[in-house]
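The values are calculated or read from the model by the stated rules, or taken from the named source; none is laboratory data. This structure is a prediction, so every number in the text was calculated from the model and none was measured. Every residue, glycine as well, gets a Cβ built from its backbone with ideal geometry; the counts of neighbours run over all protein chains shown.
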Amino acid sequence: MTVCDSDLPYDFYEQRSLVVRFSALELSSDAGILLARQAEAQVQVCQGIAQCITEWREPGKIVHSLNQLVSQRVYQLVGGYEDANDSNHLRHDPIYKIACARLPIAEAELLASQPTITRLENQVSKQEVAAMRSRMVQGFINRYESAPDEIVLDIDGWDDPTHGQQQLSCFHGYFGQHMYFPVLINEASSGYPLVLQLRAGNSHPGKGVAGILRWLFWRFRRALPGVRVILRADAGFALPEILQVCERSGVGYAIGFARNGVLERKIADLLERARLQCIQTGQKARLFDDVYYAAASWEYPRRLVMKAEWLPKGANPRFVLTNLELSPQALYDSSYVQRGADSEHRIKELKLGIQADRLSCHNFIANQFRLLLSQAAYILMLAIRQAAKGTQFATSQVERLRSMLIKGAARVQVSARRVWVELAAYCPFAQELRLITQRLVASPGMRLS
């Protein structure tokens, strides 16, 4: 019997000897990174981040430009490689070389290694991070061809467990762990992440949010005059300073509010009516009303929408602070309830799809920079998803976009005049890839209106 060397010694195939080897050809398993590169040509988020970083290296010793370093790191996140260590292997990948404007020649034109990427992450300053955040917001504003009638913002925080000696990693009593406590502000309809701010692990949910919102509302007023802005948030953000920023900026809000003894007395009659209705019908009952309520620390009363819900298993009252002129039920059902699903969905995509919770640097600012890189990767994936409108990927999560569109085999060849990228002959999503690529090339930018 003929002896065949196989890198993977499968023994189930009986027709002939089965030999499975790792190819010596220029192959890549991430052909879809080219989609992310084409999306970058639209949104230029990697370029914007790179332009905010001051060059610190000696001119004669620079091998990789700042734009290439940032792009390489972001494309690796798009491909599902969250660690800087992954650069040591991906620096040889021909598709990543093409995306980073390098020739895909074996053992030449190599991308940056892990030490180079790590030096970049730890070199960024607090002032440069602030400039990057401003670029992200300006990038969102630039995507409007004309000022929209309304922008709805969702804000929420999420726990990011830490497992080392990261700066400002603190114990949080509610979550019962050492962690960071980032906060995300995103536009509701598109999911565009406007602000992704890292905070110490023992922060209150609303810590530092008032200042961010004041700056953000100012940017909107200056760039998009006349636009109506609405903020939605859960009860952790019902702080007097946040309410005042919204009111003084002319921003509508629907913010959850934690129940207390006073509110329980105000909703008692409504809740009893809901209980009787539930008993009569055998189904859950919901009744709505509103009152004006003033906490001890407030200067004046504010409108409070009450939802008295009675389920077969018991009471489920809810309270929402608002200055919007909607009926109580319309305010709760059409505005506030949608916040939870939208905001939590974006956080889930960032954590599971982009691995934005991989903040293992010691330096706090370096971890904030990592968050911004994750934000950039998410923006590129949003551009791909928007280009997939009308296909089966139009509402796909980041994980599905990656597994179906990004993770694809490709053979790369270089001639004197061309770089050839050959995809699999039996690619199941060839038609979708053609359509998405055509839209990314044809569109001048990811427009939101």
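A few notes on this one:
- Test: residue 85 is at pLDDT below 95 and polar (S, T, N, Q): yes
- Summed over segment 55-64, residues that are out of contact with any helix residue (DSSP H, G or I) (no Cβ under 7 Å at 6 or more places or on another chain) and assigned to a loop (DSSP other than H, G, I, E, B) total 4.
- Restricted to segment 202-246, and to residues there that are among the basic types (Lys, Arg) and touching a residue at least 60 places away in the same chain (Cβ under 8 Å), the residue that is surrounded by the most Cβ atoms within 10 Å (Cβ to Cβ) is 232.
- Residues that are free of Cβ contacts under 8 Å to residues at least 40 places away in the same chain, outside any strand (DSSP E or B) and surrounded by 12 or more Cβ atoms within 10 Å (Cβ to Cβ) were ranked within segment 307-330; the one that is nearest to the chain's Cα centre (by Cα) is 330.
- Counting the residues of segment 351-381 that are surrounded by fewer than 20 Cβ atoms within 10 Å (Cβ to Cβ) and under 17 Å from the mean Cα position of the chain (by Cα) gives 4.
- Note on segment 196-306: enclosed helices (runs of 4 or more DSSP H) holding 3 or more residues that are over 25 Å from the mean Cα position of the chain (by Cα) are 240-248, 261-281.
- Pairs are defined by a Cβ separation below 7 Å, a sequence spacing of at least 6 or placement on different chains, a first member in segment 247-261 that is outside the structural domain of residue 317 (by TED's automatic domain parsing) and under 18 Å from residue 299 (Cβ atoms), and a second member that is among the small types (Gly, Ala, Ser) and surrounded by 12 or more Cβ atoms within 10 Å (Cβ to Cβ); no pair meets this definition.
- Residues located in segment 65-117, provided they are in contact with a Pro (Cβ under 7 Å, 6 or more places away or on another chain) and either assigned to a helix (DSSP H, G or I) or of a type in the set (Lys, Arg) (or both): 94, 97, 98
Residue by residue, here is whether (1) assigned by TED's automatic domain parsing to the domain that holds residue 409; (2) crowded, with 18+ Cβ neighbours inside 10 Å; (3) within 25 Å of residue 423 (Cβ to Cβ); (4) modelled with pLDDT of 95 or more holds:
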| site | (1), (2), (3), (4) |
| --- | --- |
| 31 | yes, yes, yes, no |
| 40 | yes, yes, yes, yes |
| 53 | yes, yes, no, yes |
| 70 | yes, yes, no, yes |
| 75 | yes, yes, yes, yes |
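- Hey, residue 402 charged (D, E, K, R), modelled with pLDDT of 90 or more and not assigned by TED's automatic domain parsing to the domain that holds residue 140 or not: yes
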